[in-house]
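Student: Below is a structure I'd like to ask you about.
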Amino acid sequence: MTKIAHTSWLLRSRLKIRQLLLLSSLGETGNLRRAAAELGMTQPAATKLLHELEAALNVELFERSRRGMKPTVFGEAMIRRARALLTDLDGARDEIAALSEGSLGTLALGTNSSTASELVPRAVAALLERHPNVRVSLVEGVNDMMMSMLRRGELDMVVGRVLGGAAMDEVDLRMLHEDEFVIVCGPRHPLLNMKRIELSDLVRQRWILPNSTAPVRQRLDILFTEHGGGRPRNAIESASLLTNLAMLQESNMVTVMPADLVRQFSRSGLVKPLPVSLPGLFFPVALITRINRANTPVAEAFIEELLRVSATAPTGRNP
C-alpha cells in the first residue's frame, strides 16, 4: 500500500466529526482552550483529537506558541476542507428534511447583477413551475465573495462572470453567453441629443464607475486611454445598482452596465443606452460548480431550466 493510499485509508476509517468541528473552531479562535469550550469538551480531549489527526496525516497542522495556535499550510488546507465537509453535512441534513416534506430539495444559488436581472429569475421561475415545493436561496454579490462561498460549499452553484485567475481553480465551467457592456445615462441627459458619440466625448463627463480594482473598470480605463485620449477622472465609485440608478435619475451622470440590465431598465425608461462602441468590453458568463461534486436532484433540475432559458435569451448590445 502506498503512503498516499495508506493516509487516505486512515482518514476514511478514523476521521471523526468532532475533529472537523475542532479544526473549524481552531481556525476561528486560534486557541485550543476556547475551541474545546465551544465544542463542550475538555482541553485534554481536544488535544488528543488533534494529535490523532496529525498522526494520521503525518504532518503538523498548527504552530504552537504562548500567543496561541497558528495553522500551518497543512492546517489551512485541512481547515478549508473541514469546513466544506461540515457544510456538505448540513446540506445533506437540509436535503433529507426537504425530501421528507415532499420537496425535491433546496437550491443555494449565487448570481451577479447582470444574471440576476433576466437569466436567473427566468430559470428559477421555470424550476418552481415544475417543482413548486423546491426551496431556493439566492445570493447576489461580487464574484470573489460568491466563489469563496462556492468553495466552502455554502452555494450549490454560481451563475456569473468568468474572470480567470485563482478564483477559477477547483471549479467546473459551462459557458452560457458573453456579458457585454453598454454606456448609459438617465432619460433626460443632454448627450441623448447627439447623433454620434465617441469615447473622447465622454472623458470629461461625470461618471459612476466600479472601484479601480474591478476588472470592468480596468478594461474601461484601457479603452478610454487607447481610443478616448485619456481615462475618465471625474468619477464616483459605486457598486450599488439601486444607488446608481437613482443617481442617473437625479443628475447628468453616465455609467456602464451589462446589456441584460440595460434591456430591462430601458423598457421602463430608467436608463437610455448611448451609441458608443466598447470593443472588447465583455466577459463570458458561465454556470460554475465545484469540481468533482455530484449535483443534487434539485440542482440538476435547475441546470436543465437554466440551459433552456439561456439558449433562448436575447444576445447583443441593443436593448
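A quick yes/no check of all residues on (1) among the small types (Gly, Ala, Ser); (2) closer than 19 Å to Val142 by Cβ; (3) touching an Asp or Glu at 6+ places or on another chain (Cβ under 9 Å); (4) assigned to a loop (DSSP other than H, G, I, E, B):
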site: Arg204; (1), (2), (3), (4): no, no, no, yes
site: Ile208; (1), (2), (3), (4): no, yes, yes, no
site: Leu220; (1), (2), (3), (4): no, yes, no, no
site: Phe224; (1), (2), (3), (4): no, no, no, no
site: Arg231; (1), (2), (3), (4): no, no, yes, yes
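Student: Take Val309 and decide whether it is out of contact with any Phe, Trp or Tyr (no Cβ under 7 Å at 6 or more places or on another chain), outside any loop (DSSP other than H, G, I, E, B) and either of a type in the set (A, V, I, L, M) or assigned by TED's automatic domain parsing to the domain that holds Leu209 (or both).
Tutor: Working: out of contact with any Phe, Trp or Tyr (no Cβ under 7 Å at 6 or more places or on another chain): yes; outside any loop (DSSP other than H, G, I, E, B): yes; either of a type in the set (A, V, I, L, M) or assigned by TED's automatic domain parsing to the domain that holds Leu209 (or both): yes.
Answer is yes for this residue.
Student: Let me ask something additional. Kindly establish whether Thr255 is in a strand (DSSP E or B), crowded, with 17+ Cβ neighbours inside 10 Å and either in the same structural domain as His189 (by TED's automatic domain parsing) or of a type in the set (Gly, Ala, Ser) (or both). Break it down stepwise before answering.
Tutor: Values: in a strand (DSSP E or B): yes; crowded, with 17+ Cβ neighbours inside 10 Å: yes; either in the same structural domain as His189 (by TED's automatic domain parsing) or of a type in the set (Gly, Ala, Ser) (or both): yes.
The answer is yes for Thr255.
Student: For residues that are modelled with pLDDT of 70 or more, surrounded by 13 or more Cβ atoms within 10 Å (Cβ to Cβ) and over 22 Å from the mean Cα position of the chain (by Cα), tally how many sit in region 309-319. Working first, answer last.
Tutor: Within region 309-319, the first condition is being modelled with pLDDT of 70 or more, and the residues that meet it are 309-312.
Those left that are additionally surrounded by 13 or more Cβ atoms within 10 Å (Cβ to Cβ): 309-310.
Then drop every residue that is not over 22 Å from the mean Cα position of the chain (by Cα), which leaves none.
Matching residues across region 309-319 total 0.
Student: Within region 189-198, can you find the residues that are touching a residue at least 12 places away in the same chain (Cβ under 8 Å) and more than 18 Å from Leu261 (Cβ to Cβ)? Steps first, please.
Tutor: From region 189-198, those touching a residue at least 12 places away in the same chain (Cβ under 8 Å) are 189-192, 196-198; that's our starting set.
Across region 189-198, the qualifying residues are Pro190, Leu191, Leu192, Arg196, Ile197, Glu198.
Student: Still on this structure: Given the structure, is Glu28 in a helix (DSSP H, G or I), closer than 23 Å to Arg290 by Cβ and not hydrophobic (A, V, I, L, M, F, W, C)?
Tutor: Numbers: in a helix (DSSP H, G or I): yes; closer than 23 Å to Arg290 by Cβ: yes; not hydrophobic (A, V, I, L, M, F, W, C): yes.
It is true that Glu28 is in a helix (DSSP H, G or I), closer than 23 Å to Arg290 by Cβ and not hydrophobic (A, V, I, L, M, F, W, C).
Student: List the helices (runs of 4 or more DSSP H) that sit entirely inside region 66-160 and contain at least 2 residues that are over 24 Å from Pro210 (Cβ atoms) and at pLDDT 90 or above. Reasoning before the result, please.
Tutor: Details: elements: 73-100, 119-130, 143-151.
Counting at least 2 such residues, we get 73-100, 119-130.
Student: While we're on this one: What are the residues in region 269-280 that are buried (at least 18 other Cβ atoms within 10 Å of the Cβ) and closer than 22 Å to Val120 by Cα, if any?
Tutor: Correct list: Val271 only.
The values are calculated or read from the model by the stated rules, or taken from the named source; none is laboratory data. Bear in mind that the values here come from a model prediction, so they are computed numbers and not experimental data. Neighbour counts run over all protein chains shown; Cβ positions are idealised from the backbone, glycine included.
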